[in-house]
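The values are calculated or read from the model by the stated rules, or taken from the named source; none is laboratory data. Just so you know, these numbers come straight off a predicted model, no measurement behind them. Please note: Cβ atoms are built from the backbone with ideal geometry, for glycine as well, and neighbour counts cover all protein chains shown.
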Amino acid sequence: MKTAKTLALALTLVAASTAFAAGSMDGHPMQGTDNKPAAPSKQASQPVPAEIKKIDASTGKVTLRHGPIENLGMSAMTMAFPVKDRAALKNFKEGDPVSVTFDKVDGKPTVIDMQPR
């Protein structure tokens, strides 16, 4: 009987100390750390080969058949994108091969730069 009481007391102490240790740091940063979340790694924008399929100057969008866009995690496809500099669209026509740099603007994939290939 004495052994059972001793074992129960020991288990209670272990459980209590474990619970205390787990909860003791809640809301308190650890010394020597800044506790800030790691910034997402941003891959540098690289020019992507593409072909202009359609230009819509009124909406400032261009439809491109493009290769993989690594910095946005997009595979090759055909898609319409807003263009950061709408005025630059006048320098291109449908069917032109181009080299395009993309990035997110206001959370949307956007053409940042487009050059003839």
Notebook entry, point to check: So which residues in region 38-59 are hydrophobic (A, V, I, L, M, F, W, C) and outside any loop (DSSP other than H, G, I, E, B), if there are any at all?
Noted result: 48, 50, 52, 55
Checklist line | Qualifying positions in region 60-103 - surrounded by 15 or more Cβ atoms within 10 Å (Cβ to Cβ), in a loop (DSSP other than H, G, I, E, B) and without any contact (Cβ under 8 Å) to a residue 40 or more places away in the chain | finding: 60, 67, 84
Note to self: All but one of (1) modelled with pLDDT under 95; (2) of a type in the set (S, T, N, Q); (3) touching a His at 6+ places or on another chain (Cβ under 8 Å) hold for residue 46; state the number of the condition that does not hold.
What the structure shows: (3)
